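*Asks:* The following block contains the structure, expressed as structure tokens.
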Amino acid sequence: MQIEDPYERSFPSSPHLFIGLVRSGSARLAYSLNAGEISSNLHSGQVGILAPAQSVRFRLNRRLHTTHLYLHASLLAEVAADIFNRDPASIEVITKLPFIDPLLEGLVGAIGEAAELNPETPDLHVEHLARTLAGHVLQHHSSAGPFRAADEPAHGLTRRQMARFQDVVEARMGHKLSLADLAEGSGLTAGHFTRLFKLSTGKTPYQYLLHSRVRRARYLLAKTSLPILQIASECGFADHVHFTRVFSRTVGRPPAAFRKLAND
């Protein structure tokens, strides 16, 4: 658990799984993984996953309070074998930066707090939390999760194609996104990507994008004091009227009423 001042540096790969949590603050993050640079707004509650053996370069423009957690490769392999009953080496965790996962946020926060309260003595509670966290990551953010890992586009998107789509959505949600933008990096035309996406998820890319925008808006309304107009902009809605209409239709109440209920 630390305070990170603005910086720019490269981080070498680790054999272990890295998970980062923004505890408080907001900043602009630019990061380079394999090729090219992606920029994204960081807010309290967002998490990020770096897969084992993944190097990265970060550029941060403002101070943040963060928690950094490493899950040892042996723990990850043990949990993978228990859950999926298969060779853990065949399961690949997918790097994702940054995104919202309330359960992952809660588990990382709980581990950080437990370790801070009892830093010297091994804690079985922390071990159980870590195993639960490892299982959640493997179930929802790995090649063993709900999307296919095999490279068979005729049956839907591959895990890497879906992960790339999610990266684009999370990093550029505040911008107007075309189908070509959403299919970026998949190696497919926009039309082909849309068909395979629906095979994989049962939704169109735009339906998924809209759901992601509303989900992030719900989180920001409940967890931050950002003005509603700013939340609408950062989540990619055209204006306050558009945001209110879509949010009300999806959630069942307008943004202001949702925020009031969440904070009561």
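The values are calculated or read from the model by the stated rules, or taken from the named source; none is laboratory data. All figures in this text were calculated on a predicted structure; none of them were measured in a lab. Neighbour counts are summed over all protein chains in view; Cβ atoms, including those assigned to glycine, are modelled from backbone coordinates with ideal geometry.
*Asks:* Does segment 198-207 hold any residues that are modelled with pLDDT of 90 or more and either among the acidic types (Asp, Glu) or part of a helix (DSSP H, G or I) (or both), and which are they?
*Replies:* Of everything in segment 198-207, those that are modelled with pLDDT of 90 or more and either among the acidic types (Asp, Glu) or part of a helix (DSSP H, G or I) (or both) turn out to be 205, 206, 207.
*Asks:* Does segment 127-147 contain any residue that is more than 24 Å from residue 255 (Cα to Cα) and of a type in the set (Lys, Arg)?
*Replies:* Yes - at least one qualifying residue is present in segment 127-147.
*Asks:* Can you report the number of residues in segment 104-133 which are over 15 Å from residue 48 (Cβ atoms) and under 15 Å from the mean Cα position of the chain (by Cα)?
*Replies:* 1
So that you can scan it fast, the table gives a plain yes or no per residue for (1) more than 20 Å from residue 176 (Cα to Cα); (2) among the polar types (S, T, N, Q); (3) not in a helix (DSSP H, G or I):
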| site | (1), (2), (3) |
| --- | --- |
| 215 | no, no, no |
| 226 | yes, no, yes |
| 230 | no, yes, no |
| 244 | no, yes, no |
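*Asks:* Which residues, counting only those in segment 182-214, are surrounded by 15 or more Cβ atoms within 10 Å (Cβ to Cβ) and either aliphatic (A, V, I, L, M) or closer than 27 Å to residue 44 by Cβ (or both)?
*Replies:* If the condition is that a residue be surrounded by 15 or more Cβ atoms within 10 Å (Cβ to Cβ) and either aliphatic (A, V, I, L, M) or closer than 27 Å to residue 44 by Cβ (or both), then 182, 183, 188, 190, 196, 208, 209, 210, 212, 213, 214 are the ones that fit.
*Asks:* With the condition kept exactly as written, say whether any residue in segment 78-97 is surrounded by 14 or more Cβ atoms within 10 Å (Cβ to Cβ), in contact with a Phe, Trp or Tyr (Cβ under 9 Å, 6 or more places away or on another chain) and not in a loop (DSSP other than H, G, I, E, B).
*Replies:* yes
*Asks:* If I go through segment 137-152 residue by residue, how many of them are touching a His at 6+ places or on another chain (Cβ under 8 Å) and at pLDDT below 55?
*Replies:* 1
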